[in-house]
Amino acid sequence: MFAKVSSAAVNGVVASPVEVEVHAGKGDVAVVLVGLPDTAVKESKDRVSTALMNSGLRFHFGRTTINLAPADVKKEGPSFDLPIALGLLVASDQISSRGLEDSVIVGELALNGAVRPIKGALSIALQARAMGKKTLLVPVDNAPEAGVVQGLEVIPVRNLRQAVAFLEQELSISPIDIDIDRLFSTGADEELDFSEVKGQESVKRALEIAAAGGHNILLIGPPGTGKSMLAKRLATILPPLSLEEALETTKIHSVAGMLARQQALITRRPFRAPHHTTSDAGLLGGNHHPSPGEISLAHHGVLFLDELPEFKRGVLETLRQPLEEGRVTISRAAGTMTFPSEFMLVAAMNPTPDGKMPSESRSSPRDIQNYLGRISGPLLDRVDLHVEVPTVKFDDMTSSQVGESSHDICQRVIEARQIQQQRFQPHRKTTCNARMGSRELRRYCGLDQETLEMLRSAMTDLNFSARAYDRILKVARTIADLEGEEQIKMDHVAEGLQYRSLDRELWG
């Protein structure tokens, strides 16, 4: 007998359709699994056979061939256990195939027949809907995640017997129903708020500009000035995720196995803070089978690199392509994968090896230059704002005055982002000012003659690169948006220049 069950394989952050074909023939007992399976897939025949017997079902066929089509696409992971088991039951006439035509089935089997969760359920659900299927059978723990996909009945199954009973119409299982609006209305984390930060008004202003335009920012200051405290609160003033952004972010975390149990959707912008000892594979992604790294896990959120010069220079240099293109391509022997990585980079560092400002440091000029030289000029040019974080004054620390809340700052950021959304509506790939290309810069960042001459003089005196010129215009455009101004004025450009001068003062 022959049986066919629809399933899906995850490649990168997208899924592709897979047909599980089972032929139960006569002859000596043997199970042959083909279709470019990896080790985890090859081992599925042992898990499936044991799960069938422990579920009270029969597994004693002749020569059985299982093909995972298309045969030229590598299949990874244990998610094919459940469709293989159901295909074997159909091929051996233990169940009918009437419930399989409009279904996609995924799930790992335990030896006792329980269905365990898998990675990438959201990507598989989106693929099932694209295939025109009506039903998706998934493990119970993955059901909330897959249930956010509209137009698809997501059936949660706990074990193999339950899946069989549902397909044979002996058991009714209600499709999971996820209220997406309720997910987005969940209260934000109130443990972090800008009102708790004493002083540092100039730094708060720079972070507001960064959030409003999606700009990368570098915080430079002695230890204890609040760099990490400020960076951790940046996510609280970013605009809320849209549904499309939430789905993209959730797909990445699902593929990486980072979703919490029974979590349906990531509705808050991620904040990732890898340690400075992380490797390039940990930051970019990779290993033997390409998987998302920290920069992809920070997609649509914040990547915070504390003690920036302590990261290996080679690791930092790998950031240059993702910062420009918003994606990272990883090539390994197992294949090539592209992961999205449109994140805001927030970096923090001391100005000298001993943590003091250059005028107060006991480090020699050579030591200071060697320390700062760990960060290359091309990488620094890709950071839009360089901000000095001064020591907090005693009066500020002891003041009872409460600073402006994250909610109030966020409202201004949202208004500025709405202006940008309207402006870039014809350019779907441009999501904020920081993502403008040369064409958008020419169109939306025009300057009058007086402002242009001032910028020309500053560029010559400070020896800025062409990339730094573009960054200054983008920041000036964001400052104008925050003030509701259509035209970029001299004050906006002057403030933008202020956020580029620090690197020349320190890097010389």
Quiz item: Here are some conditions: (1) of a type in the set (S, T, Y); (2) open to solvent by 20 Å² or more (accessible area, probe 1.4 Å); (3) over 18 Å from S7 (Cα atoms). T64 meets all but one. Which one does it not meet?
Solution: (2)
Quiz item: Which ones in region 39-58 are of a type outside the set (S, T, N, Q) and open to solvent by less than 50 Å² (accessible area, probe 1.4 Å)?
Solution: A40, V41, R47, V48, A51, L52, L57
Quiz item: Scanning for something in contact (Cβ under 8 Å) with a residue 12 or more places away in the chain, among the acidic types (D, E) and surrounded by 14 or more Cβ atoms within 10 Å (Cβ to Cβ), does region 448-468 turn up at least one residue?
Solution: no
Quiz prompt | Residue list for region 1-38, restricted to those being open to solvent by 40 Å² or more (accessible area, probe 1.4 Å) and outside any strand (DSSP E or B) | solution = M1, K26, G27, D28, V29, L36
Practice problem: From L238, L265, grab the single residue that is closer than 18 Å to P144 by Cβ and either open to solvent by less than 60 Å² (accessible area, probe 1.4 Å) or among the aliphatic types (A, V, I, L, M) (or both). | Solution: L265
Quiz item: Checking D81 against (1) charged (D, E, K, R); (2) within 24 Å of G62 (Cα to Cα); (3) open to solvent by 10 Å² or more (accessible area, probe 1.4 Å), which single condition isn't satisfied?
Solution: (3)
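Residue-by-condition table, conditions (1) in contact (Cβ under 8 Å) with a residue 12 or more places away in the chain; (2) under 25 Å from R412 (Cβ atoms); (3) over 22 Å from the mean Cα position of the chain (by Cα):
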residue: G151; (1), (2), (3): yes, no, yes
residue: R158; (1), (2), (3): yes, no, yes
residue: V164; (1), (2), (3): yes, no, yes
residue: P175; (1), (2), (3): yes, no, yes
residue: D193; (1), (2), (3): yes, yes, yes
residue: K198; (1), (2), (3): yes, yes, yes
residue: K204; (1), (2), (3): yes, yes, yes
residue: A210; (1), (2), (3): yes, yes, no
Quiz item: Can you find even one residue in region 472-493 that is more than 26 Å from L379 (Cα to Cα) and within 28 Å of the chain's Cα centre (by Cα)?
Solution: yes
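The values are calculated or read from the model by the stated rules, or taken from the named source; none is laboratory data. Everything numeric in this text was worked out from a predicted model, so none of it was measured. Positions of Cβ are generated from backbone atoms using ideal geometry, with glycine treated the same way; all protein chains shown enter the neighbour counts. The protein model used for the area step is the full one, side chains on, heavy atoms only, and it has no ligands, DNA or RNA in it. Shrake-Rupley method; radii C 1.70, N 1.55, O 1.52, S 1.80 Å.
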